[in-house]
Amino acid sequence: MESYKSFVRKNATLLSAAEAVGQGLTWLLPNRSDELALEAVSTTLGLFSVLNESIVNTPEPEVLPCGLEQPPAEPWPLFLALLQQVEVFSELAALRLHGENSYAKYNLVASVEAVKAAIRILILSKKGRGHVLLDGGMRRPRQNADLDRVYSGREGRVTLVHLALAKFREEHKLPTEALALAALRPAPVKPESDRCLALGELLHVVRPVVYVLALRRWGRTAWTPWIISLAIDSASISLYRRCGKELTKEQKEEMWRRQVLMAYYSLRSPCFELCTRPPLAAVGRVLQPVPLVGTVYHHLQEILFGIQAFYFYTSAS
């Protein structure tokens, strides 16, 4: 296993390019008659990609001097990433076995979303109030800037000594140093802000589960599930804006990412059939006589219309 990890770290760029080419070929094949087999290939490539990326992004274990401990990497981001790779295949298999509008399909989809929500709630419970999940819990937040410099050459060795001295002084409660360390700590956040953030994050986590259960109850052609999901997403984003807490750069980027993902509502039924598909079809008719451009647009349009029928491709969960 260690030899494989070493191979992956040494050839990360080559492996990433090969995985990207393989994923692209599964989409560009002209005959996609056996969707289940192609999705199985795509899922396998995706699983290898996630595992290899995890190996590359996980630093090799090392013992830090001066009594400092390197925090162990949590497995939950990897579990979520692996689950995300198999969810489309599981939906396609359920669709092949049970049909489009069967309860069995939505039961499976709801189970997958419930497991993802449970893992995310577990992450939030360990991090405490005021924590924001990055990329749905699949990305770890950066550590403290001082700890980042621990791994940076001569400056890192100096930082190690400073951190160790600070730790010693704080543990032994030396008066002057304790006051200085207290002054450097950020001001405590109001409990109201933390509660507001926690509620917004909880809404964001449970939204996919509620949406799937609504789809199971009313069907994908009804407006009720679409409106319920949009209302929960809007309430979650509104809570973040009203909490009054200064977000970090990563958290602000995450809020922007979630707002961009709201565009997926235009690809979900029934909004897609009524508002999005007609203009796309009209553009296709205009571009059809144009050599090459018309062919490429028609192929991309077929792909979009095909994936729109699957929950997980447009779920943004």
Pick out, from the stretch 161-244, the helices (runs of 4 or more DSSP H) lying fully within it that include 2 or more residues that are modelled with pLDDT under 80. 175-184, 191-218
Any hit, the stretch 218-233, residues being among the acidic types (Asp, Glu), surrounded by 15 or more Cβ atoms within 10 Å (Cβ to Cβ) and under 23 Å from the mean Cα position of the chain (by Cα): yes
Could you run through the stretch 273-292 and say how many residues are in contact (Cβ under 8 Å) with a residue 12 or more places away in the chain and aliphatic (A, V, I, L, M)? 3
Would you be able to say whether some residue in the stretch 271-288 is within 31 Å of the chain's Cα centre (by Cα) and within 29 Å of GLY137 (Cα to Cα)? yes
Residue satisfying condition, being modelled with pLDDT of 80 or more and assigned to a helix (DSSP H, G or I), within set SER42, SER16: SER42
Could you tell me how many of the residues in the stretch 264-317 are of a type in the set (Lys, Arg) and in a helix (DSSP H, G or I)? 2
Restricting to the stretch 288-309, count the residues that are within 18 Å of SER269 (Cβ to Cβ) and either in contact with a Leu (Cβ under 7 Å, 6 or more places away or on another chain) or not aromatic (Phe, Trp, Tyr) (or both). 8
Just to check your reading of the model, which residue among LEU108, LEU97, LEU92 is touching an Asp or Glu at 6+ places or on another chain (Cβ under 6 Å), more than 25 Å from LEU134 (Cβ to Cβ) and either at pLDDT below 80 or part of a helix (DSSP H, G or I) (or both)? LEU92
Tell me whether the stretch 139-146 contains one or more residues that are outside any loop (DSSP other than H, G, I, E, B), at pLDDT below 60, touching a helix residue (DSSP H, G or I) at 6+ places or on another chain (Cβ under 8 Å) and more than 20 Å from GLY200 (Cα to Cα). yes
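Yes or no, residue by residue, for (1) free of Cβ contacts under 8 Å to residues at least 12 places away in the same chain; (2) more than 22 Å from the chain's Cα centre (by Cα); (3) within 22 Å of GLU35 (Cβ to Cβ):
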residue	(1), (2), (3)
GLN85	no, no, yes
SER90	no, no, yes
ALA94	no, yes, yes
HIS98	yes, yes, yes
TYR106	no, no, yes
SER111	yes, no, yes
VAL115	no, no, no
ARG120	no, no, no
Only residues in the stretch 1-26 that are touching a residue at least 40 places away in the same chain (Cβ under 8 Å) count as the first member; pair them with residues that are of a type in the set (Ser, Thr, Tyr) and part of a loop (DSSP other than H, G, I, E, B), Cβ under 9 angstrom, at least 6 apart or cross-chain, and list the lot. LYS5/THR58
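The values are calculated or read from the model by the stated rules, or taken from the named source; none is laboratory data. Bear in mind that the values here come from a model prediction, so they are computed numbers and not experimental data. Note that each Cβ is placed from the backbone with ideal geometry, even for glycine, and that neighbours are counted across all protein chains shown.
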